[in-house]
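J.: I have a structure here, written as structure tokens, and I will follow up with some questions on it.
The numbers here are math on the coordinates, done by the rules we state, and not lab data. Note that the coordinates shown come from a computational prediction; the quantities given were computed from them, not determined experimentally. Positions of Cβ are backbone-derived with ideal geometry, glycine not excepted, and every protein chain shown enters the neighbour counts.
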Amino acid sequence: MTSVLVAFCATVALTGCQFFPSDPINPPRLAVLLSGGQVQILYVSCTPVQITAIEVLRPADQKGHLVREHEPAVWRATFASPTTATTFIVGQTPSGGTEDVPLAGDLDDQTYYVARVTLAGSGGYSAVGFTLHEMGDQISFGGAYISTQQFDQDRSCPSP
């Protein structure tokens, strides 16, 4: 089963393809939530990482949710000097960043989007898909919509 998932992840060309919140080998790193009417993207890691870009993509394949490497961005910000910020508000220029693709309007409720960060050094990605209508008051994390309580449990770091 794992080899099928690995092959699927390679097929969709997302280096940050994620399985499940409990997967110790490839834990999810990105979450999306609605807070005060704003879409927030959270990078979750027990150790700081450097991020060079944050974006929201609208995949051409809306039915199968297949995401290709060069999907068009509906919003994108980049960092000339990588940031270690962990919270980003879609449509707002992050501190130290440049908004390369401004958000033209509100995200559509029914459209499938992918939030993606590009990491410095490796150039790898971490990504998570979401639909605002399906997400509601939950958090998109690790391929599922989960409660705030479950998110807090799943993202916690082991004690030293």
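J.: Take the alpha carbon atoms of region 27-83, find their radius of gyration, then divide it by 2.2 N^0.38 Å using N residues; give the quotient.
T.: After normalising by residue count via 2.2 N^0.38 Å, the value is 1.29.
J.: So, one more: For region 131-142, what does the Karplus curve 6.51 cos²θ - 1.76 cosθ + 1.60, with θ = phi - 60°, yield as ³J(HN,Hα) per residue in whole Hz, taken in order and with x for Gly and Pro?
T.: 10, 4, 4, 6, 6, x, 9, 9, 10, 7, 7, x
J.: What GluC sites (Glu not before Pro) does region 52-99 have in DSSP loop regions with at most 11 other beta carbons within 10 Å?
T.: Filter output for region 52-99: E69.
J.: In µm²/s, what is D for region 66-160 at 20 °C and 1.002 mPa s, where D = kT/(6 pi eta Rh) by Stokes-Einstein and Rh is the Kirkwood radius from Cα pairs?
T.: My calculation gives 141 µm²/s for D.
J.: Just want the ordering: S126, S45, S140, from fewest to most Cβ atoms lying within 10 Å of their own Cβ.
T.: With the sparsest Cβ surroundings first, the list reads S45, S126, S140.
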